[in-house]
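See below for the structure under consideration.
The values are calculated or read from the model by the stated rules, or taken from the named source; none is laboratory data. Note that the structure is predicted; figures quoted are calculated from it, not measured. As a convention, Cβ positions derive from the backbone with ideal geometry for all residues, glycine included, and neighbour counts pool all protein chains shown. Accessible surface areas use protein heavy atoms only, side chains included; no ligands, DNA or RNA. Shrake-Rupley method; radii C 1.70, N 1.55, O 1.52, S 1.80 Å.
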Amino acid sequence: MKKALRVAAVGATLALSGLSLVACSSGSGGGNPAAQSGNDTGPITYVQGKDTSGNIPKLAAMWNADHPKEKVTVKQQSDNADQQLQDLTQHLQQKLSDYDVMSTDVVWTAQLAAKGWLQPLTGNYKLDLSGYLPSVVKSGQYVGTQYAAPSVTDSQLLYYRKDLLGSNPVPTTFAEMMKLCPIAKKAGIDCYAGQFAKYEGLTVNFNEVVTSNGGTVVDDKGKPTLDTPQAEAGLQELVDAFKDGNIPKAAVSYQEQQGLNSFEQGKLMFLNNWPYMVADIANSAQAKDIRSKYGIAGYPGKSAVGGHNLAINAYSKHKKTALDFIKFMESADVQKNRVEKESVAPTLSSLYSDTSFTDQYPYLVPLKKSLDSAVARPITPYYNGVTQAIQNNIFQALQTASTGGSVDVKSVLSATSKAIEAASSGS
Amino acid sequence: MTALAAPPKSPPPKLAGRESAEANRRRVTRVAYALLAPTIIVMLIIVAYPIVQSVIQSFNSDASGIDPKTGLFRAGGFVGLQNYTNWLFQQCQIGGVTQACPPGSPQAGFYNSVFVTFFFAIVTVALETVFGIWMAFIMNRNFRGRGILRAAVLVPWAIPTAVTAKLWYFIFDPSGVLNTVLNINVLWLSDLWASRFAIIIADTWKTTPFMALLILAGLQLIPEETYEAARMDGSSAVQTFFRITLPLLKPALVVAILFRTLDALRMYDLPAILTGGGGGGGQGTQTLSILVVKQIQQSNDSASALSTITFLLIFAVAFLFIRLLGANLTGNERKARRVAKEA
């Protein structure tokens, strides 16, 4: 009998948890947990993706030593961005208060905020963000409200071969770079690559060519703005480069790693990639031949903004502590520490102008250049659908161009616009 | 539970006769149901509940748009069959108007995914059947080292699919093993048909052993005397195969093919890791399951409708299989014997 009871109990628990799941998934919005006063202190949990550097627990220990009554527990998610978002969504959908401070990818701000899951950083929660990089501060905003605070950022850099470039100036636009491609051809290597496989990296690279030509992908309201000469010029640059072979055919399968391999093996003259590659070139065996021959510069145009912000769970029970912890994570000392230990890009402007600091980390100089003009990817609560719409259409166009087919950029962009609109209708 | 604890009864007195036997049977049935009840309840909760929930969700919409002032989602509601018609007729609601989906939206890729899924299922199962029979015949022979061979054949099946996929990923890499050894330059992971065949090759390599084992089990059930009789009658090898082996193998073969077909129709892991559903214009190897998972990130409810459609498709195939080929899965002995006799 005991056994049967136990089974029944398990069954009942399962049924109840199942039911509560339904209750939550059916009701979005509902109530306004964000409207609480900001005096709640107590232990909190900080959640972020996998910390490969091992530095975050040390920072948490620093905080805990000073705040014995408001200790922070670090929870690490997987290293896959989709899984991180899924984990956050599942917790927030159930209105759980177990995550207090969340590290959110810059493209998640809108979708989490639109569900009412993030505490607006207004009123009692207002932070002074004047000293932080404007493009990053903007990535934490949605419909004019600050929902997430800058933590670490990222922007792409141009890695180039100094030895091949010779006395030519480092290109500052895509067109200038293409003009230098005959040098690569003569040397028998590929000229330029970025991330053109069908994944988030393609959205990043597409966003960059459009904004570098003065266009935008979507407007403030999330409506597509791709039917413009600027956007056409941007996509045309990529299509032509694929057609001419300035971007190698194989680049349609390039994510960060493949481009990095090609560059480190000396088969590529220009590469658009994130700052982490500096450390990789310094340590990787395959990079030994180019280690002394490469240089870094700001992205030739306007880079996309990457990185993570910090947001407070709207259902958190200790929001005051959460806010204080965010202030701690944003402080100059912690940011410096993270540059040192994790090679991240800081968000505090003053660190980039501190020459005693940038002398130790020279990549910060071109990075600042990229960040100054960097533009956020589309800010929309339907981000997943929008990025899929972009990837599906643009990938097909680039793939066609890479195999020598003809591409009408105007019709590609108009199809992309429609697909973005369809995705933004929530279907 | 008391029934279980009760001491075994002495054989019932002959006088009690029919009535007592009937009562006894009923009591046993009752106990059986009582004992099965917890299992059935748990199964209902963990199997039936999610399916029903998913079907309910598929008739709803997550959100009906954004409140322009606050930027918050407005709660959705019941939308009837809209999620289904969106997929089947490739429609989208753009700005509140139902219209044909633009290229690049998930709905526009539905029939492509149906084609890819069935193409993979048909080609891989056909190849696996042929190779499986061949391997089973070899394993069925008596020779030295048969045990080692049987174990070796099983290796691809024993490797987790994720590992298989990564393994083949290195083989199919543009500068990988295959291109280097054959001295060719095929983009196995991004070209439309090359990527499809890459998946077919990897899947066939991985699951043929499963097929071979099921067929081997069937082969071993065929009595040796049948072959002796055939030889006596002067049947050639080809005749023996088509007139004796294949018909007697049919029950085992049909079950094996059915299992593999259902498995292939819900293929996800191999293409997801090997090509990410890409190839050609970017959707060359996007099976229905991959489309479902992509859609979950955009809209749970629409994804529920798609998974229900996928479920119904697979169910229909299974149903047709059992009807047309007489696969015996329900343990209907008499029917099985009849099928065997017909064969």
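Rounded, prolate or oblate for segment A:168-249? Axes are the square roots of the Cα gyration tensor eigenvalues, ordered a ≥ b ≥ c, and the cut-off for rounded is a/c under 1.5. Display every interim value, and only then the final one.
Details: a/c = 2.59, a/b = 1.90, b/c = 1.36.
Note, shape of segment A:168-249 comes out prolate.
Compute the long axis of helix A:2-26 from its Cα atoms, compare it with the longest principal axis of the Cα atoms of chain A, and write down the angle in degrees, 0 to 90, nearest 10.
The two axes meet at around 60 degrees.
Using a Förster distance of 56 Å, how high is the FRET efficiency between B:Gln220 and A:Gln265, based on the Cβ-Cβ distance and rounded to 0.05? Before the final figure, lay out each step's value.
Values: r = 53 Å, r/R0 = 0.95.
The value I calculate is 0.55.
From largest accessible area down, sort B:Asp233, A:Asp372, B:Asp62; use a 1.4 Å probe on the protein chains. Could you put the intermediate results ahead of the total?
Numbers: B:Asp233 130, A:Asp372 100, B:Asp62 55 Å².
Order by accessible area, largest first: B:Asp233, A:Asp372, B:Asp62.
Would you kindly calculate the translational diffusion coefficient of chain B, applying Stokes-Einstein with the Kirkwood radius from alpha carbon pairs, for 25 °C and a viscosity of 0.890 mPa s, and quote it in µm² s⁻¹ without decimals? All intermediate terms of the calculation are to be shown ahead of the outcome.
Numbers: Rh = 24.7 Å.
In µm²/s, the coefficient rounds to 99.
So how tilted is helix A:332-342 from the main axis of chain A? Cα-based, degrees 0 to 90, rounded to 10.
Helix A:332-342 sits roughly 60 degrees off the main axis of chain A.
Give the Kirkwood hydrodynamic radius (Å, one decimal) of segment B:110-290, defined as one over the mean of 1/r across all pairs of different Cα atoms. Could the numbers behind the result be given before it?
Values: mean 1/r = 0.0561 Å⁻¹.
Taking the inverse mean of 1/r over all distinct Cα pairs, segment B:110-290 comes out at 17.8 Å.
Treat the protein assembly as shown as a sphere of radius equal to its Kirkwood radius over Cα pairs and apply Stokes-Einstein at 4 °C in a medium of 1.567 mPa s; give the translational diffusion coefficient in µm²/s, rounded to a whole number.
Details: Rh = 30.0 Å.
Estimated diffusion coefficient is 43 µm²/s.
Got a number for the accessible area of B:Cys101? Probe 1.4 Å, square angstrom, nearest 10.
20
Obtain the nm distance between the two label points defined at B:Val47 and A:Thr52 by a simple spin-label model: each point lies 7 Å from its Cα along the Cα-to-C-beta direction.
Label at B:Val47, label at A:Thr52, 4.2 nm between them.
Please report how far the C-alpha centroid of segment B:107-156 lies from that of segment B:171-225, rounded to the nearest whole angstrom.
If you average the Cα positions of each part, the centres end up 8 Å apart.
Given a 1.4 Å probe and heavy atoms of the protein chains only, how would you sort A:Trp63, B:Trp134, largest accessible area at the top?
Details: A:Trp63 5, B:Trp134 150 Å².
Highest to lowest solvent-accessible surface, that is B:Trp134, A:Trp63.
Taking only DSSP H segments of four or more residues, each worth -39500 (n - 2.57), what value at 222 nm results for chain A once the sum is divided by all its residues, to the nearest 500 deg cm²/dmol? Don't skip to the end; give the middle numbers.
Values: 19 runs with 201 residues, N = 427.
Mean residue ellipticity at 222 nm (helix-derived): -14000 deg cm²/dmol.
Over chain A, what is the percentage of antiparallel beta bridges among all DSSP beta bridges, to the nearest 5?
Bridges in chain A that DSSP calls antiparallel: roughly 70 percent.
From largest accessible area down, sort B:Trp193, B:Trp157; use a 1.4 Å probe on the protein chains.
Details: B:Trp193 110, B:Trp157 90 Å².
If we order B:Trp193, B:Trp157 from most to least accessible, we get B:Trp193, B:Trp157.
Please get the size of the charge dipole for the protein assembly as shown, origin at its Cα centre, with Cβ charges of +1 on Lys and Arg and -1 on Asp and Glu, quoted in debye to the nearest 20. Before the final figure, lay out each step's value.
Working: 67 positive and 55 negative charges, 619 e Å.
Magnitude of the dipole: close to 2980 debye.
Given the rule -39500 (n - 2.57) for each run of at least 4 DSSP H residues, summed and divided by the residues of chain B, what is its mean residue ellipticity at 222 nm, to the nearest 500 deg cm²/dmol? Walk me through the numbers on the way to the answer.
Values: 16 runs with 224 residues, N = 343.
Calculated mean residue ellipticity at 222 nm is -21000 deg cm²/dmol.
For A:Leu157, which sequence-distant residues (separation of 5 or more, or a different chain) have an amide H within less than 5 Å of its own amide H, given hydrogens modelled in the peptide plane?
For A:Leu157, whose amide H was placed from the backbone, the distant partners under 5 Å are A:Asn273, A:Trp274.
Taking a 18 Å limit on the Cα-Cα distance, which of the listed pairs A:Lys115/A:Lys221; A:Lys198/A:Lys368; A:Lys138/A:Lys221; A:Lys138/A:Lys317; A:Lys50/A:Lys95; A:Lys69/A:Lys317 fall beyond it?
Checking Cα-Cα distances, A:Lys198/A:Lys368; A:Lys138/A:Lys317; A:Lys50/A:Lys95 exceed 18 Å.
For A:Val239, tell me the accessible area in Å² from a 1.4 Å probe, rounded to the nearest 10.
Its accessible surface works out to 0 Å², give or take rounding.
Below 18 Å, Cα to Cα, which aspartates and glutamates can A:Lys71 reach? Residues fewer than 8 away in the same chain don't count.
List returned: A:Asp40, A:Asp98, A:Asp100, A:Asp324, A:Glu330.
Mind checking A:412-422 for the average number of partner chain beta-carbons within 10 Å of each residue's beta-carbon? Intermediate values should be presented prior to the final figure.
Numbers: counts 2, 0, 1, 5, 3, 2, 9, 9, 4, 6, 15.
Whole-number average of other-chain Cβ neighbours for A:412-422 is 5.
Along the charge dipole of segment A:43-133, Cβ charges K/R +1 and D/E -1, which of A:Tyr132, A:Leu121, A:Gln84 sits furthest on the positive end?
A:Leu121
Between the alpha-carbon centers of segment A:55-79 and segment A:94-170, tell me the distance in whole angstrom.
That distance is 21 Å.
With +1 on each Lys and Arg Cβ and -1 on each Asp and Glu Cβ, and nothing else charged, work out how big the dipole of chain A is about its Cα centre, in Debye to the nearest 20.
The dipole of chain A has a size of about 780 debye.
Tell me, what is a quarter of the convex hull surface for the C-alpha atoms of chain A, in nm² with one decimal?
Working: hull surface 97.4 nm².
Orientation-averaged projected area of the Cα hull: 24.4 nm².
Springs between alpha-carbon pairs under 10 angstrom, Gaussian network model over chain B: which of B:Thr117, B:Thr98, B:Thr29 fluctuates most?
Taking springs between Cα atoms under 10 Å, the residue moving most is B:Thr29.
Per-residue accessible area for B:Arg146 at 1.4 Å probe radius, Å² rounded to 10?
It works out to around 60 Å².
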